[in-house]
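Student: Sharing a structure with you now.
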Amino acid sequence: PYLVEEGEASHAELATVLGINENAVKQAIHNLRERFRDRLRTEIAGTVESVEEIDDEIRLLFAALA
């Protein structure tokens, strides 16, 4: 649930459950989103003919999933 938007639990609640501090939770979510973005772009790059098409393809993908 934290991949593209905030989840139901607050960062403070997650920190308590995970046994880490709230800043570590925020950093972990940030890193998760960054890795996902990079890997998605890499996968999409393998399906299009040029780098310029990646952003358009991602927008189309998100529109289809919405």
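The values are calculated or read from the model by the stated rules, or taken from the named source; none is laboratory data. Quick caveat: nothing in here was measured; it's all calculated off a predicted structure. Note that we place each Cβ from the backbone using ideal geometry, even for glycine, and neighbour counts take in every protein chain shown. Note: areas computed on protein heavy atoms with side chains; ligands, DNA, RNA excluded. Shrake-Rupley method; radii C 1.70, N 1.55, O 1.52, S 1.80 Å.
Student: Using the heavy atoms of the protein chains and a 1.4 angstrom probe, tell me the accessible area per residue for the chain in square angstrom.
Tutor: 80 Å²
Student: Specify the longest stretch of the chain that does not include any exposed loop site, a site being one of the GluC sites (Glu not before Pro) with a non-H, G, I, E, B DSSP assignment and at most 11 other Cβ atoms within 10 Å.
Tutor: Answer from the scan: 9-48.
Student: Let me ask something additional. Can you list, bin by bin at 5 Å, the percent of alpha carbon pairs in the chain, starting at 0?
Tutor: Percent of pairs per bin, in order: 3, 16, 19, 19, 13, 10, 10, 7, 2, 0.
Student: Dipole magnitude of the chain about its Cα centre, charges +1 at Lys/Arg Cβ and -1 at Asp/Glu Cβ only, in debye to the nearest 20?
Tutor: Result for the chain is approximately 280 debye, rounded to the nearest 20.
Student: Considering only protein heavy atoms and a probe of 1.4 Å, how much of the accessible area of the chain is carbon and sulfur, as a whole percent?
Tutor: Taking all protein chains in place, the chain shows 55 percent carbon and sulfur surface.
Student: Continuing with the same structure: Taking the Cα centre of the chain as the origin and placing charges on Cβ (Lys, Arg +1; Asp, Glu -1), which of LEU65, GLY46, ASN23 is farthest toward the positive end of the dipole?
Tutor: ASN23
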